[in-house]
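Undergrad: Sharing a structure below in structure tokens format, with a few things to ask.
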Amino acid sequence: MKILIIGNGGREHALAWKLNRSRKVKKIFAAPGNPGIADIGTCINILATNIKALVRFAKESGIDLTVVGPEVPLALGIVDEFVKNGLRIFGPNKNASRLEADKAFARDFMYRFGIPAPRFSVYESASEALKYTKTTNKYPVVVKASGLASGKGAFVVATRKEYEKKIDEILVQHRLGEAGKRVVVEEFLTGQEMSVFVLTDGLTIRYLPSSQDHKRLYDRNRGPNTGGMGAFAPYPTNQRVTNMIEQVIIQPTVLSLRDQGIDYKGVLYVGLMLTSLGPKVLEFNCRFGDPEAQVILPLIDSNLAEVLVAVADRQLAETEVKIKNQWAIGVVLVSGGYPYDYRTGEEITIKDRLSARTLLFHAGTKKENSTLVTAGGRVLNVVAVHENLKVAKQHVYTEIKKIQFKNMFYRKDIGNSGMKKMKRKRRR
Ligand code: AMP
Ligand code: GLY
């Protein structure tokens, strides 16, 4: 089988690594890929958004399966174009991708089908949005651009003044462009965050390991939001919460999509807040999470290529997805200054060989002549897998010490919330 992976981050490297372990996979291409993927496949110089060129490449190269990493090509309709051209592709079509690309649509969907979510309103004009402050003074609230904003479109505002400023920035100054044409204002939820991943072909649902991302820059969830500083999987929950997530959130979502004639095929990533009133949906995403994919994919025991083909061909009912009884922890090494200004082009050195139990996924790296240098904010993901979460954590942080680049920064507490939860579980 020949596979084409769309994207260039750590998630896409993890997909390439996992797919490459399948005996059926003879060749992997990535567009545009990264130096980590180049070690196991061929990177081609086509942007993830250049759908026409991607279709042409897939046809000319006889690609059997295309796997889409990021959300933007999905929202642009890459799946519709591939299908129109008789090409097999893993991911939801443009209509189904609205679940991520249009937060107002997604919130309305949850409301109509009774899927637990925060209270919300949608505004298209500042004057409408500012009336909100007349009806309630309950802060904080969360203000979100309805469209895709590369993870930079959600703001927690603590006071009425901050609210007015944010509304002005988005709806009057149009600082987020098209993405901010509509704004969703929602109730601020508290609790632990959890990412749930399921594969569906629109009929059958298969659960992948859940995970917890760490979005804030600093330990103990302080500092600014980032694209994600690390993740671990699975996220430990008790049977009652697991049942609630399956019965009150996942099953009704997939069923309601089908009832509405929305053909959802691919991975559905549900961002949840575990509140005192039960799990509530923060967001739907139509793709694997980054950095969650880097810890989820190593825990899948089945042949990923076969599973993704089964989703695309609507044969998931006949395909089992086995999950390893292990833990994975992934830590993201970032350039100092990220998520604001940072330098790139710093040489990356890896002293000693990383142990066989460690996985290294590239995100923002580049080869200059034959030297590996930094090329982005999130540079590398170091992942360790073990039967014991604590050992996995020790392992990942020992291995990180072998890696260096100027102003390298990373969080030291990835996995701690999982260990705390496990301790509480044992005590009960
Ligand atoms: P989103 O862009 O919807 O994924 O939101 C990004 C992040 O903002 C989430 O991962 C949460 O940490 C936070 N967030 C989003 N919505 C809410 C909410 N209603 N209450 C509290 N935190 C939220
Ligand atoms: N882990 C956050 C995201 O992929 O959107």
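Undergrad: Could you grab me the full set of residues in region 1-20 that are out of contact with any helix residue (DSSP H, G or I) (no Cβ under 7 Å at 6 or more places or on another chain) and either under 24 Å from E81 (Cα atoms) or modelled with pLDDT under 95 (or both)?
TA: Matches in region 1-20: G7, N8, G9.
Undergrad: In this structure, does L372 turn out to be assigned to a helix (DSSP H, G or I) and more than 20 Å from Q212 (Cα to Cα)?
TA: Criteria not met by L372.
Yes or no, residue by residue, for (1) touching a Lys or Arg at 6+ places or on another chain (Cβ under 6 Å); (2) under 28 Å from Y410 (Cα atoms); (3) surrounded by fewer than 22 Cβ atoms within 10 Å (Cβ to Cβ); (4) among the β-branched types (V, I, T):
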site: S146; (1), (2), (3), (4): yes, no, no, no
site: K161; (1), (2), (3), (4): no, no, yes, no
site: I170; (1), (2), (3), (4): no, no, no, yes
site: V184; (1), (2), (3), (4): yes, no, no, yes
site: D201; (1), (2), (3), (4): yes, no, yes, no
site: R220; (1), (2), (3), (4): no, yes, yes, no
site: M229; (1), (2), (3), (4): yes, yes, no, no
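Undergrad: Next up: Here is a check on your reading of the model: is N285 modelled with pLDDT of 95 or more and within 16 Å of ligand 2 (Cβ to nearest atom)?
TA: yes
Undergrad: Would you check which residues across region 143-166 are modelled with pLDDT under 95, closer than 17 Å to F105 by Cβ and either hydroxyl-bearing (S, T, Y) or in a strand (DSSP E or B) (or both) and list them?
TA: Scanning region 143-166 gives a single hit, A154.
Table: residues versus (1) within 16 Å of ligand 2 (Cβ to nearest atom); (2) of a type in the set (K, R).
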site: K138; (1), (2): no, yes
site: V142; (1), (2): yes, no
site: G147; (1), (2): yes, no
site: G151; (1), (2): yes, no
site: R160; (1), (2): no, yes
site: G177; (1), (2): no, no
site: V184; (1), (2): no, no
site: G202; (1), (2): no, no
site: R240; (1), (2): no, yes
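Undergrad: Would you mention how many residues in region 79-93 are closer than 23 Å to K26 by Cβ and either touching a residue at least 40 places away in the same chain (Cβ under 8 Å) or in a loop (DSSP other than H, G, I, E, B) (or both)?
TA: Residues meeting the conditions: 7.
Undergrad: Show me the helices (runs of 4 or more DSSP H) found entirely inside region 189-307 where at least 3 residues are more than 13 Å from ligand 1 (Cβ to nearest atom) and closer than 23 Å to V334 by Cα.
TA: On the way: elements: 239-244, 251-259, 293-296.
Answer list for region 189-307: 293-296.
Undergrad: Further, regarding this structure: Quick check on my filter: what residues within region 150-162 are near ligand 1 (Cβ under 8 Å from one of its atoms) and under 13 Å from V184 (Cα atoms)?
TA: G153, A154, V156 - these are the residues of region 150-162 that are near ligand 1 (Cβ under 8 Å from one of its atoms) and under 13 Å from V184 (Cα atoms).
A quick yes/no check of all residues on (1) basic (K, R); (2) part of a loop (DSSP other than H, G, I, E, B):
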residue: L354; (1), (2): no, yes
residue: L360; (1), (2): no, no
residue: V383; (1), (2): no, no
residue: K390; (1), (2): yes, no
residue: R411; (1), (2): yes, yes
residue: I414; (1), (2): no, yes
residue: R426; (1), (2): yes, no
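The values are calculated or read from the model by the stated rules, or taken from the named source; none is laboratory data. Remember, it's a predicted structure, so these values are computed and weren't measured experimentally. Ideal geometry is used to build each Cβ from the backbone, glycine not excepted, and the neighbour counts take in all protein chains shown.
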